[in-house]
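The values are calculated or read from the model by the stated rules, or taken from the named source; none is laboratory data. All values reported here derive from a predicted model rather than from experimental measurement. To get the accessible areas, we keep the full protein, side chains included, count just its heavy atoms, and leave off ligands, DNA and RNA. Shrake-Rupley method; radii C 1.70, N 1.55, O 1.52, S 1.80 Å.
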Amino acid sequence: MVTVSRADSKPTGWAGMRLHIAVFIACALGAAGLVGAAMVLHVGPWAEEPLPVFWAVPTFNLTDQQGRPFGSADLNGRAALFSFVYTNCPDVCPLLTSNMAQIQHRLRTKGLLGTKVELVSVTVDPRRDTPSVLAEYASRYHADADAWRFLSGEPDSIYEVLWGFKLNTVEVARAFEGADVVPHASRFVVVDPSGQVRGQPMGDQTPIDDIVRMVERVAP
């Protein structure tokens, strides 16, 4: 019979402990690797879920600040960011338009303005906001006339657009014609190149960088 002395058992115990330590370290490293991979997958650009699809942009044919016709068909193949304002607005419109001006600058810097993304501001007060009035208003914000369209038209045509964007009913829009304060939403609307609404950020509350990122995500 072979007897194992205490001296003989010490190395054996140390070897076993080293094995346990090695296994523990390997497991810890493996777990860290899995956590790291999960974090990369979570924050990596491929982890972003597509923006939701809300509805199709309403068909419209309006007039821009230069008196040129501009319609929904002119957006084909480009993304767009819409705002809805009026020049006599005493409240949120100056902020909305100022934010659009900042977005215009960011998109120009990224090489997207005009070529891949169009900015569109639709008046909610078409009887007073004629093309010439909109041209003066646009100049205050250094709007690029070919990349940032300020649109007006016949009142009923404008009201149908507002209804199509789920911003107002035709009846409410008509009821407030000529009012000192015209009710309207402060939402921006992000549209993809196929004419689908993909985002509705609050234009007076959402950070500029977040809005630009939404537009970039749907740009061609």
Using every pair of alpha-carbon atoms in the stretch 77-154, split the distances into 5 Å bins beginning at 0 and state the percent of pairs per bin, rounded to integers.
3, 17, 29, 25, 16, 8, 2, 0
Residue span residue 88 to residue 208: 0.36 nm per residue of separation minus Cα-Cα distance leaves a gain in nm of 40.8 nm
Dimensionless Rg ratio for the stretch 61-220, taking C-alpha atoms and the 2.2 N^0.38 Å reference:
0.94
Probe 1.4 Å, all protein chains present, accessible-area order of 141, 159, largest first:
141, 159
Normalised per residue, the volume inside the convex hull of the alpha-carbon atoms of the stretch 123-172 in Å³ amounts to 85
